[in-house]
Amino acid sequence: MNPAPNLVLVGPMGAGKTLVGTHLAERLGLAFCDADHELERRAGTSVRELFAREGEAGFRRRERALLAELLAGSGRIVATGGGAVLDPDNRRLLRTRGFVVWLQATVETQLQRLAEDTARPLLQQGDRAEVLARLARERAPLYAEVADLCLATDALPPADAAEALAALLDRHWQRGEAA
């Protein structure tokens, strides 16, 4: 058992962090927060517009502050943005204030799930398959660094993934304050 006050979902875009997190929160009776959606709500604009106005560095500053605030409490499931692990401070925070689950998805699955998505700024930078493959190469070691548990979501609808994850969490996560 790895005790932690919060459950954090990390992984690439299209892995199912928001949908799986929503189903899991209902199942476990915990509050759920999608960090990107909360950033948009607070900024009054989209992630895409934040990237355009402030650049990725500005967006990442906002993301770091929000994650620190969300994870200061307990009993919450937080779905991070795919790039949240890029920041070393975020990785330290995730490890100390959360039980971290890396939701995994292949590039092929991501392409299928994101086929109609026009809101993600990083997908507007060239060939989608190449972008997703590059992001996977860059970020996989960082997801692995923070992950307490991994779940491949490729073949699972969100509700089934949440059910499978809940069963794994029963064996691996003890809610409580971080050590």
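The values are calculated or read from the model by the stated rules, or taken from the named source; none is laboratory data. Computed from a prediction, not measured in an experiment: that's the story for all the values here. Here the Cβ positions follow ideal geometry from the backbone for every residue, glycine too, while neighbour counts run over all protein chains shown.
Please go through the range 1-40 and give me each residue that is among the charged types (D, E, K, R), crowded, with 21+ Cβ neighbours inside 10 Å and either in a loop (DSSP other than H, G, I, E, B) or at pLDDT 95 or above (or both), ordered by number.
Selection gives Lys17 alone.
Can you tell me which residues in the range 57-90 are more than 13 Å from the chain's Cα centre (by Cα) and part of a loop (DSSP other than H, G, I, E, B)?
Residues satisfying the conditions are Gly73, Ser74, Gly75, Asp87.
Taking the condition of a type in the set (Phe, Trp, Tyr) and either surrounded by fewer than 23 Cβ atoms within 10 Å (Cβ to Cβ) or under 22 Å from Val131 (Cα atoms) (or both), does Phe51 pass? It would help to see each step written out before you state the result.
Numbers: of a type in the set (Phe, Trp, Tyr): yes; either surrounded by fewer than 23 Cβ atoms within 10 Å (Cβ to Cβ) or under 22 Å from Val131 (Cα atoms) (or both): yes.
Yes, satisfied.
Which numbered condition trips up Thr106, out of (1) modelled with pLDDT of 95 or more; (2) out of contact with any Lys or Arg (no Cβ under 8 Å at 6 or more places or on another chain); (3) buried (at least 20 other Cβ atoms within 10 Å of the Cβ); (4) over 20 Å from Arg175 (Cα atoms)?
Condition not satisfied by Thr106: (3).
Report the residue count in the range 109-149 for those that are modelled with pLDDT of 95 or more and charged (D, E, K, R).
Summing the residues that are modelled with pLDDT of 95 or more and charged (D, E, K, R) in the range 109-149 gives 5.
Starting from the range 73-93, keep only residues that are modelled with pLDDT under 95, then list their pairs with residues that are in a helix (DSSP H, G or I) and of a type in the set (Val, Ile, Thr) whose Cβ atoms are within a distance under 9 Å, requiring at least 6 positions of separation or different chains.
Gly81/Val47
Taking only pairs six or more apart or across chains, which ones have beta-carbon atoms under 6 Å, a first residue in the range 41-56 that is under 19 Å from Met13 (Cα atoms) and assigned to a helix (DSSP H, G or I), and a second residue that is aliphatic (A, V, I, L, M) and at pLDDT below 90?
Arg48/Ala119
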